[in-house]
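A.B. asks: My questions will all concern the structure given below.
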Amino acid sequence: QVQLVESGGGLVQAGGSLRLSCAASGRTFGMGWFRQRPGKEREFVAAINWSGNTIKYADSVKGRFTISRDNAKNMIYLQLNSLKPEDTAVYYCAVGGGSDWRGYNYWGQGTQVTVSS
């Protein structure tokens, strides 16, 4: 079983940036980020494979968010730029692949991102 711990969330003004980190307790393969906005279902944000050469983004974050990983440290990251109030959500990292949450079997506890207008 893999344990995941997210960090890096916080309060930021619109147009600002944050960097989220996800520490894994062991080696992982495919990883992804999801988010859950208030009153909404959990939604896909980005995914990356082991080598980092296959990356997928949700259309809503493409060009603003960047997913990356450091396998030596068992870490994945999500750089959030040009943040908008609608990006306010709890962000989760997970082990798996694809854009469907059912393709992921381990989840972190989440980190809150709040974007003020």
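Values in this text are rule-based calculations from the coordinates and carry no lab data. Note that the structure is a prediction, hence the values are computed from the model and not measured. Heads up, the Cβs are rebuilt from the backbone with ideal geometry, glycines too, and the neighbour counts pull from every protein chain shown.
A.B. asks: Show log10 I(q)/I(0) for the chain at q = 0.13, 0.18, 0.20, 0.23 Å⁻¹, two decimals, from a solvent-free Debye sum over equal Cα scatterers.
C.D. replies: Computed log10 I(q)/I(0) values: -0.42, -0.83, -1.03, -1.37.
A.B. asks: Continuing with the same structure: Given the options Gly39, Gly26, Leu80, identify the residue whose Cα lies farthest towards the positive end of the charge dipole of the chain (+1 on Cβ of Lys, Arg; -1 on Cβ of Asp, Glu).
C.D. replies: Looking along the dipole axis, the top candidate is Gly26.
A.B. asks: Based on Cβ point charges of +1 for Lys and Arg and -1 for Asp and Glu, what charge dipole magnitude is obtained for the chain about its Cα centre, in debye rounded to the nearest 20? Don't skip to the end; give the middle numbers.
C.D. replies: Numbers: 13 positive and 8 negative charges, 24 e Å.
About 120 debye.
A.B. asks: If each residue of separation counts as 0.36 nm, what is the full-extension length gain between Glu86 and Arg102 once their alpha-carbon separation is subtracted? Before the final figure, lay out each step's value.
C.D. replies: Numbers: separation 16, 0.36 × 16 = 5.76 nm, distance 2.39 nm.
Once the chain is fully extended between Glu86 and Arg102, it gains 3.4 nm.
A.B. asks: Hey, which lysines would be in cross-link range of Lys84, C-alpha to C-alpha under 22 Å, not counting anything within fewer than 8 residues on its own chain?
C.D. replies: Straight-distance partners of Lys84: Lys40, Lys56, Lys62.
A.B. asks: Okay, next question. Alpha carbons only, please: Rg and Dmax for the stretch 66-113, in angstrom.
C.D. replies: When restricted to Cα atoms, the stretch 66-113 yields Rg and Dmax of 12.0, 34 Å.
A.B. asks: Can you tell me the relative contact order of the chain? Whole percent, Cα pairs under 8 Å, sequence separation 6 or more. Don't skip to the end; give the middle numbers.
C.D. replies: Values: 302 pairs, mean separation 42.3, N = 117.
Once divided by the residue count of the chain, the mean separation gives 36 percent.
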